[in-house]
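These notes concern the structure reproduced below.
The values are calculated or read from the model by the stated rules, or taken from the named source; none is laboratory data. From a predicted model like this one, the values you see are computed outputs, not experimental measurements. Here Cβ is always computed from backbone atoms with ideal geometry, including for glycine, and neighbour counts include all displayed protein chains. These area figures cover heavy atoms from the full protein model, side chains too; ligands, DNA and RNA do not enter into them. Shrake-Rupley method; radii C 1.70, N 1.55, O 1.52, S 1.80 Å.
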Amino acid sequence: MALLPILEYPDPRLKKVAAPVAAVTPEIRKLVRDMAETMYAAPGVGLAATQVDVHKRVIVIDVSEHKDELRVFINPEILEAEGEAECEEGCLSVPGYYDKVTRAARVRVRAQNENGETCDVDAEGLLAVCIQHEMDHLLGKVFVEYLSPLKRARLAAKLRKKQRLAG
Ligand code: K1U
Ligand code: ZN
């Protein structure tokens, strides 16, 4: 297994739209294993392939308390979405920044797993938030794009300062 480098916002590669996975091959299964290892090490509760500069529709999520319930979503599609819920979100591509985002409260998702089997999942709570957050990554969207222009300007200033201090 391997730890993969995670792209950081505003890296333009985070804007790429991921392509569907034609078949769940050994190469895709290795990507899933490496993404899971990277997510657990970060640590995070989810990771989209876009964040590790692989532009394929693959997501891993584990919102369990003991980090022993890995969920794999290949070619995910939302079949139904209902309600609204506001939740504090973070992102491994925007380290150290958290803010509230409103999303659907419940979603039904269809995806393939690492064995190529198609499964439907009904999700609510953090799992529903995480699925929507990761599916946005596959479309080239980072959660900070939901924030007000003022909050985004403050974040941009914070990132510029961080870059100055690092350089
Ligand atoms: O996509 C990502 O960058 C992963 C992100 C997922 C997420 C978290 C919370 C709300 C929406 C989406 C993270 O995992 S951020 C890190 C985080 O939330 C966390 C880290 C350690 C323990 C528990 C949570
Ligand atoms: Zn994210």
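For segment 12-166, the share of DSSP beta bridges that are antiparallel, to the nearest 5, is 95%.
Size of segment 56-167 from its Cα atoms: along the principal axes, largest to smallest, the extents are 47, 31, 28 Å.
Think of each Lys and Arg Cβ as +1 and each Asp and Glu Cβ as -1; about the Cα centre, that makes the dipole of segment 26-139 roughly 360 debye. Element breakdown for segment 12-166 at a 1.4 angstrom probe: carbon and sulfur atoms account for 51% of the accessible area. Heavy atoms of the protein chains alone define the surface here; on that basis the chain has 55 Å² accessible area per residue at 1.4 Å probe size. Round to a whole angstrom and tell me the spacing of the C-alpha centers of segment 109-167 and segment 31-82. The two parts, judged by their Cα centres, are 11 Å apart. Excluding same-chain neighbours fewer than eight residues apart, the lysines reachable from K162 by a Cα-Cα span under 23 Å are K15, K100, K141, K151. The angle between the Cα long axis of helix 149-166 and the longest principal axis of the Cα atoms of the chain comes to about 80 degrees, rounded to the nearest 10.
Using the average count of surrounding beta-carbon atoms within 10 Å as a protection proxy, the listed peptides 5-15, 123-133, 72-82 rank, highest first, as 123-133, 72-82, 5-15.
Sorting the segments 151-158, 84-91 by their residues' average number of neighbouring beta-carbon atoms within 10 angstrom, most packed first, yields 84-91, 151-158. Take each peptide in 95-101, 160-166, count the other Cβ atoms within 10 Å of every residue, and average; sorted highest first, the result is 95-101, 160-166.
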